[in-house]
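The values are calculated or read from the model by the stated rules, or taken from the named source; none is laboratory data. For clarity, every value in this text was computed on a predicted model and none was experimentally measured. Every residue, glycine as well, gets a Cβ built from its backbone with ideal geometry; the counts of neighbours run over all protein chains shown. Only protein heavy atoms, including side chains, enter the accessible area calculation; ligands, DNA and RNA are left aside. Shrake-Rupley method; radii C 1.70, N 1.55, O 1.52, S 1.80 Å.
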Amino acid sequence: MARTTETVQRQTKPFLLQRPMSANVSVATALAANVTALGIPVFEAREPPKNLGLSFDRLKAAGFTAKPASTLVVPQADGPLMVAVGVGASDALDAGNIRDAAAAFAQAASSQDRLAFSLEGIDQLPFEVAAQAAVEGLLLARYEYTGFGRERKASPIEEVILLTSSAQEAAARSGAERGHAYAKATILARDLANTPHSHLTAMQLADLAIKLGKENGFEVEIFEKQALQKLNCGGLLGVNAGSVEPPCMIKLTYRPKGKATGSIGLIGKGIMYDSGGISLKPNDSVHARMKNDMSGAAAVLAAVAELPELGCSTSVTAYLMCTDNMPSGTAMALGDIITTHGGKTVEVNNTDAEGRLVMCDALAIAAEEKHDAILDIATLTGSVMRALGPDIAGLFGNDEALIKQVKRAAEATGEPVWQLPLHKPYRKALDSDVAAMRNTGPTGAAQPDGILAAMYLAEFIGDAPWAHIDICGTAWNERDQLWRRAGCSGFGARLLLDIATNFAPPTPSTRH
Ligand code: BES
Ligand code: MN
Ligand code: ZN
């Protein structure tokens, strides 16, 4: 099913279809002989666990005061490399501190591949939560994109072992399993987004989704061009018009084993590469990262892939809207009018506002399905990146209970969001003289693009509770920062997993 163009020479075996899955993760009550590095969390002004063999004063004399994510490697005559890891003040401890500390340890011991992390003395938060955060921090900190033969800087992790007391073992094990699944999701999302578009076309992503569906246990249906025409997906087809690569809509269906406790529609923007189209982007550093314009679709696929293992009780129907956005003689032009799924016509006054065009077809389809909530995630607007920077995603929505669930998941996963307003008076900027609406505000004028994009999407969701997450800034890390690695961040995969696995259908009383 995968197609290739002649212009770019591809590897014969796509990296993503062959990548072996990561480390072994386990829990133990005693240190195994084959462990090569041991991380020991230390609180500020508190005696460290005995297995470190040093008092707090001795650590302090060596310049280590247990500040969050600080490390001190303590050489030993033999045995594993010992690393003291700061977790800050004991009363301020949260999952984020532990994730950061585990990441700092993984980096301090970057040449070691069998890592044990002690959870001794960590009793300020549920053990399950601590174990999950530790596993995420360890695995994500050592992530490197290796699709194209770049030499690794740190060795890959073979083994992760959490050390706990026997009383905590069961809770730690369940947290560790969850952390492993969450980390796998983020790692897959990073790999997908880091892969350039000529090595991961829409149809190659479809192949990968089919493979993951078979292996992990969810249904996958691919809608190619003809099927999209039948469905009247003029948004996705319009954006694809300039491309030599065919478009596709990838539908993923996850059904829980027992009776579903709710149902979510998920939509991901899958622009494999965004050149801007006829509204061509300038040749700048932002343009240079547009291979990641499918980060929303990557997060959705990566999250859905882990739902079976986590035994999620909510059913999830997901749509990945995939194509690249290219200029050519057949590309959409400014002033073109397209008809989207459901019949709404849209005047295209900027072909670089393509994300909302591909998403609106799927939102309309999901709205017909009457889910308890619809969520979409997209690298949608530079405007939200400028407003919130690289750390925080923009959040929009029409239902307080749903917004609350997204915010809670953001706290839990360390993938922050900030709610922005759907300010009704701005809506008229999307009025068109020739179609039902247009895709952006007037060209040239200063526009609240992030808000307008969200208000455009809101036109397609019917009366469903809905939240929109704009990850334009957060999809990319400029530099390494503990478990956040330079390049494509995989932001959203763990956030969506956490929303789906804790989902409670909102009641009508919380609708705006
Ligand atoms: N994919 C871009 C958004 C983007 C910008 C992602 C920078 C990552 C970094 C999106 O398709 C886009 O081009 N948006 C335009 C919208 C505008 C034309 C209304 C933008 O933000 O400039
Ligand atoms: Mn664009
Ligand atoms: Zn885009």
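Filter the range 44-69 down to the residues that are within 31 Å of the chain's Cα centre (by Cα) and either buried (at least 20 other Cβ atoms within 10 Å of the Cβ) or under 22 Å from residue 144 (Cα atoms) (or both) and list them by number. Those that are within 31 Å of the chain's Cα centre (by Cα) and either buried (at least 20 other Cβ atoms within 10 Å of the Cβ) or under 22 Å from residue 144 (Cα atoms) (or both): 66, 69.
Could you tell me whether residue 482 is in contact with a Leu (Cβ under 8 Å, 6 or more places away or on another chain) and touching a residue at least 12 places away in the same chain (Cβ under 8 Å)? The answer is no for residue 482.
Mind checking which strands (runs of 3 or more DSSP E) fall wholly inside the range 238-338 and carry at least 1 residues that are surrounded by 20 or more Cβ atoms within 10 Å (Cβ to Cβ) and within 16 Å of ligand 3 (Cβ to nearest atom)? I'd like the intermediate steps shown before the answer.
On the way: elements: 248-254, 263-274, 315-325.
Passing ranges, in order: 263-274, 315-325.
Surrounded by fewer than 16 Cβ atoms within 10 Å (Cβ to Cβ), away from ligand 3 (no atom under 16 Å from the Cβ) and on the phi > 0 side of the Ramachandran plot: does that describe residue 389? The answer is yes for residue 389. Tallying residues that are assigned to a helix (DSSP H, G or I) and in contact (Cβ under 8 Å) with a residue 12 or more places away in the chain within the range 170-226 yields 38. It is to be established whether one or more residues within the range 343-360 are away from ligand 1 (no atom under 16 Å from the Cβ), touching a residue at least 24 places away in the same chain (Cβ under 8 Å) and among the hydrophobic types (A, V, I, L, M, F, W, C). No, the conditions are met nowhere in the range 343-360. Can you confirm whether residue 444 is without any contact (Cβ under 8 Å) to a residue 12 or more places away in the chain and part of a loop (DSSP other than H, G, I, E, B)? Spelling it out, residue 444 is indeed without any contact (Cβ under 8 Å) to a residue 12 or more places away in the chain and part of a loop (DSSP other than H, G, I, E, B). What is the residue count in the range 98-144 for residues that are touching a helix residue (DSSP H, G or I) at 6+ places or on another chain (Cβ under 6 Å), part of a helix (DSSP H, G or I) and open to solvent by less than 20 Å² (accessible area, probe 1.4 Å)? Total meeting the criteria: 16. Checking each residue in the range 353-375 for being away from ligand 2 (no atom under 16 Å from the Cβ) and surrounded by 24 or more Cβ atoms within 10 Å (Cβ to Cβ) picks out 361, 362, 363, 366, 373, 374, 375.
For residue 450, are the conditions met, namely being in contact with a Gly (Cβ under 7 Å, 6 or more places away or on another chain), in a loop (DSSP other than H, G, I, E, B), within 16 Å of ligand 3 (Cβ to nearest atom) and modelled with pLDDT of 95 or more? Walk me through it before giving the result.
Numbers: in contact with a Gly (Cβ under 7 Å, 6 or more places away or on another chain): yes; in a loop (DSSP other than H, G, I, E, B): no; within 16 Å of ligand 3 (Cβ to nearest atom): yes; modelled with pLDDT of 95 or more: yes.
Taking the combined requirement at face value, the residue does not satisfy it.
Could you list all residues from the range 376-386 that are among the polar types (S, T, N, Q) and crowded, with 24+ Cβ neighbours inside 10 Å? Across the range 376-386, the qualifying residues are 379, 381. Taken together, the residues in the range 145-168 that are within 20 Å of residue 116 (Cβ to Cβ), open to solvent by 50 Å² or more (accessible area, probe 1.4 Å) and not hydroxyl-bearing (Ser, Thr, Tyr) amount to 4.
In this structure, is residue 435 out of contact with any Leu (no Cβ under 9 Å at 6 or more places or on another chain), open to solvent by 20 Å² or more (accessible area, probe 1.4 Å) and not aromatic (Phe, Trp, Tyr)? Against the criterion (out of contact with any Leu (no Cβ under 9 Å at 6 or more places or on another chain), open to solvent by 20 Å² or more (accessible area, probe 1.4 Å) and not aromatic (Phe, Trp, Tyr)), residue 435 does not qualify. Would you say residue 429 is farther than 22 Å from residue 465 by Cα, among the hydrophobic types (A, V, I, L, M, F, W, C) and away from ligand 1 (no atom under 16 Å from the Cβ)? Judged against the criteria, residue 429 is not a match.
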